[in-house]
Amino acid sequence: ISHRNDTPTSLFSSLNCPRMQYSICNIPTQEEIMDIVFSIDKDSVAGPDGFSSVFFQKCWDFIKNDIQEAVRDFFCGTPMPRSFKATTIVLIPKVESPQTWSDFRPISLCNVTNKILSKLLYKKLSLSLPNLISPSQSGFVTGRLISDNILMAQEMIHHLDLRYKNSNLVIKLDMSKAYDRVDWNFLLFIMEKMGFPSRFLSLIKHAIKDCWFTVLVNGKRQVFSNPRGG
């Protein structure tokens, strides 16, 4: 990460379509926002503000103009208020008697306003993913299944066992807590090298860097903190 200028751009694809670069920054329409709101699971637990997705869906006719204005402000470069991005983290035990942090599974309870903006960003980002993610990568693109690569690996191992008499070696690499260790500055650097416009990078920066979370311990919220990565 300290030698970002030396990162070879040939390692990844580039978003070299001007039309795609323009459309990815367009302000979402009210119809797009409404589709996102009504796609959120009604059974999802509310975030720190106490307003669930059911409230937004039931009261949509009354609040749609306010929500659209908030979305427009965000896509025009206005950072979201801290209250919009507040998140409660609930720790679910993985084992009967947890002793360390790794024995818990953290579940983030986000405010619906944060979910709306995040889903809108993902919807725009997903349009360019098929051109950026290698065909050999089976995740993160609609229509691709991770099971395809699992089956391919099984076939390769089976093939080695049948055709080759000499010794063979298969190495499986797994990064512990890979998503938790993502460096945000490096993420933005890579997206810039991929050709994403600076305006969209600014939206991503506001979305990931301005988060505030509190951990729920014994039913009580702790002090809000600002994460530095992940």
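The values are calculated or read from the model by the stated rules, or taken from the named source; none is laboratory data. The shown structure was predicted, so the numbers you read here are calculated from the model rather than taken from an experiment. So basically every Cβ, Gly included, is an ideal-geometry build from the backbone, and we count neighbours across all protein chains shown.
With the condition kept exactly as written, say whether any residue in the range 137-149 is of a type outside the set (A, V, I, L, M), within 17 Å of residue 39 (Cα to Cα) and part of a loop (DSSP other than H, G, I, E, B).
Filtering the range 137-149 for residues of a type outside the set (A, V, I, L, M) gives 137-140, 142-144, 147-149.
Remaining after also requiring within 17 Å of residue 39 (Cα to Cα): 142.
Now restrict to residues that are part of a loop (DSSP other than H, G, I, E, B): 142.
Yes, there is a match, as at least one residue in the range 137-149 is of a type outside the set (A, V, I, L, M), within 17 Å of residue 39 (Cα to Cα) and part of a loop (DSSP other than H, G, I, E, B).
Keeping to the range 72-102, report how many residues are over 23 Å from residue 226 (Cβ atoms) and in contact with an Asp or Glu (Cβ under 9 Å, 6 or more places away or on another chain).
Matching residues across the range 72-102 total 4.
Out of 44, 126, 118, report the one residue that is of a type in the set (Ser, Thr, Tyr) and more than 22 Å from residue 179 (Cα to Cα). Walk me through how you get there before you give the answer.
Details: 126 fails: more than 22 Å from residue 179 (Cα to Cα); 118 fails: more than 22 Å from residue 179 (Cα to Cα).
On inspection, the qualifying residue turns out to be 44.
Check residue 118 against each of (1) surrounded by fewer than 11 Cβ atoms within 10 Å (Cβ to Cβ); (2) closer than 29 Å to residue 92 by Cα and name the one condition it does not meet.
Residue 118 satisfies all of (1) surrounded by fewer than 11 Cβ atoms within 10 Å (Cβ to Cβ); (2) closer than 29 Å to residue 92 by Cα except (1).
Residue check, residue 98 against (1) modelled with pLDDT under 90; (2) of a type outside the set (A, V, I, L, M); (3) within 21 Å of the chain's Cα centre (by Cα); (4) not in a helix (DSSP H, G or I), all met but one. Which one?
(3)
Would you mind telling me which numbered condition in (1) in contact with a Phe, Trp or Tyr (Cβ under 8 Å, 6 or more places away or on another chain); (2) closer than 28 Å to residue 101 by Cβ; (3) of a type in the set (A, V, I, L, M) residue 188 fails?
With (1) in contact with a Phe, Trp or Tyr (Cβ under 8 Å, 6 or more places away or on another chain); (2) closer than 28 Å to residue 101 by Cβ; (3) of a type in the set (A, V, I, L, M) applied to residue 188, the lone miss is (1).
So if I check each of 174, 161, which one is part of a helix (DSSP H, G or I), exposed (fewer than 14 other Cβ atoms within 10 Å of the Cβ) and modelled with pLDDT under 80? Give the steps one after another, and end with the answer.
Details: 174 fails: part of a helix (DSSP H, G or I).
After ruling out the rest, the residue left standing is 161.
Between a first residue in the range 198-215 that is farther than 19 Å from residue 229 by Cβ and a second residue that is in a helix (DSSP H, G or I) and of a type outside the set (Gly, Ala, Ser), which pairs have beta carbons less than 9 Å apart while being 6 or more apart in sequence or on different chains?
Once the first residue is farther than 19 Å from residue 229 by Cβ and sits in the range 198-215, its partners that are in a helix (DSSP H, G or I) and of a type outside the set (Gly, Ala, Ser) give 198/192; 199/75; 200/21; 200/121; 200/124; 200/125; 200/191.
With respect to residue 86, is the statement that it is among the aliphatic types (A, V, I, L, M), modelled with pLDDT under 90 and surrounded by 13 or more Cβ atoms within 10 Å (Cβ to Cβ) true? Can you show your working first?
Values: among the aliphatic types (A, V, I, L, M): yes; modelled with pLDDT under 90: yes; surrounded by 13 or more Cβ atoms within 10 Å (Cβ to Cβ): yes.
The answer is yes for residue 86.
I need the full set of residues from the range 56-67 which are free of Cβ contacts under 8 Å to residues at least 40 places away in the same chain and either surrounded by 14 or more Cβ atoms within 10 Å (Cβ to Cβ) or of a type in the set (Lys, Arg) (or both), in order please. Break it down into steps so the answer makes sense when it comes.
First pass over the range 56-67, keeping only residues free of Cβ contacts under 8 Å to residues at least 40 places away in the same chain: 57-66.
Within the range 56-67, 57, 58, 60, 63, 64 meet the criteria.
In this structure, is residue 108 of a type in the set (S, T, N, Q) and assigned to a loop (DSSP other than H, G, I, E, B)? Walk me through it before giving the result.
Working: of a type in the set (S, T, N, Q): yes; assigned to a loop (DSSP other than H, G, I, E, B): no.
The answer is no for residue 108.
Quickly run through the range 179-230 and pick out the residues that are crowded, with 16+ Cβ neighbours inside 10 Å, part of a loop (DSSP other than H, G, I, E, B) and of a type in the set (Phe, Trp, Tyr).
Across the range 179-230, the qualifying residue is only 196.
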